[in-house]
Amino acid sequence: MNLKDIEILKDQYLKEMMRIMNFSEDEFNAIKATTILKAYKKGTVLLKEGQFSQNTYYIIKGCLISYHIIDGEEKVTSFYTEKETFSPSCIVTKKPIEHYVECIEDCLVSIGTPESEKLMLEKFPRFEKLCRIYSEELLVKQKTAFDHFKIASPEQRYLDFVNKRPDLLQRVPQYHIASYLGLTPQSLSRIRKRLLKSEVNHHKIAI
């Protein structure tokens, strides 16, 4: 990702933020001045288990994954792509994180620091309400998804993943998807073959 590409993406990001949040000109200029963008190469580990960070990461381009390492095996817990934010758990718990965060594509992210957040909240108090509303909506969404995940069958988990994140099917290795769904790559492969066969048979009957 060259400097020209980064500037184009930065401009698109700021315009999108202005459209969504309905910023005033003063607010927009303040955000532009405090925006920290950083490009990372595929394979870069942003955070490791045991580290402490209060920075948040808004993904402008690319894909991050979070995972635990249990008995030497990666257990994927989340994917983060364009227009999504990753916030380390230590922001809330005040304890080191217990997982890893890695770029599985070349990434461009906007980094939010405690200092920049404090500055913006002091200058523009309405940001606090916007951040609170966003956080509350995200928590409800995550809890609903987790509750459904717990009671769903492996096949239903995969179908839900396909419906909600079809973009990741072509971007993420199958073993990462299998890990996220709590399956082995072999089990996921069998589910995909079974669904494909069912779809083919369905079309034959329909014809």
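The values are calculated or read from the model by the stated rules, or taken from the named source; none is laboratory data. The model shown is predicted, which means the values in this text are computed figures rather than measured ones. We place every Cβ from the backbone using ideal geometry, glycine too, and count neighbours over all the protein chains shown. When the accessible area is computed, the model is the full protein with side chains, heavy atoms only, and any ligands, DNA or RNA have been set aside. Shrake-Rupley method; radii C 1.70, N 1.55, O 1.52, S 1.80 Å.
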Inset, instruction - Quick one: count up the residues across the range 63-84 that are small (G, A, S) and on the phi > 0 side of the Ramachandran plot. - result: 1
Inset, instruction - Please tell me if V76 is in contact with a Pro (Cβ under 9 Å, 6 or more places away or on another chain) and not in a loop (DSSP other than H, G, I, E, B). - result: no
Inset, instruction - Any chance you could count how many residues in the range 156-193 are assigned to a helix (DSSP H, G or I), open to solvent by 50 Å² or more (accessible area, probe 1.4 Å) and closer than 27 Å to C107 by Cα? - result: 10
Inset, instruction - Might you let me know whether the range 44-66 holds any residue that is farther than 22 Å from E7 by Cα, in a strand (DSSP E or B) and either open to solvent by 50 Å² or more (accessible area, probe 1.4 Å) or of a type in the set (G, A, S) (or both)? - result: yes
Legend entry - Any chance T113 is in contact with a Pro (Cβ under 9 Å, 6 or more places away or on another chain) and either farther than 27 Å from R171 by Cα or in contact (Cβ under 8 Å) with a residue 12 or more places away in the chain (or both): no
Inset, instruction - Answer yes or no as to whether L3 is closer than 30 Å to Y67 by Cα and either touching a strand residue (DSSP E or B) at 6+ places or on another chain (Cβ under 6 Å) or not hydroxyl-bearing (S, T, Y) (or both). - result: no
Legend entry - Hey, F23 over 15 Å from the mean Cα position of the chain (by Cα), outside any helix (DSSP H, G or I) and over 19 Å from C103 (Cα atoms) or not: yes
Inset, instruction - Identify all residues within the range 88-105 that are open to solvent by less than 70 Å² (accessible area, probe 1.4 Å) and either closer than 9 Å to K42 by Cβ or touching a strand residue (DSSP E or B) at 6+ places or on another chain (Cβ under 8 Å) (or both); write none if there are none. - result: P88, I91, I97, H99, Y100, V101, E102, C103, I104, E105
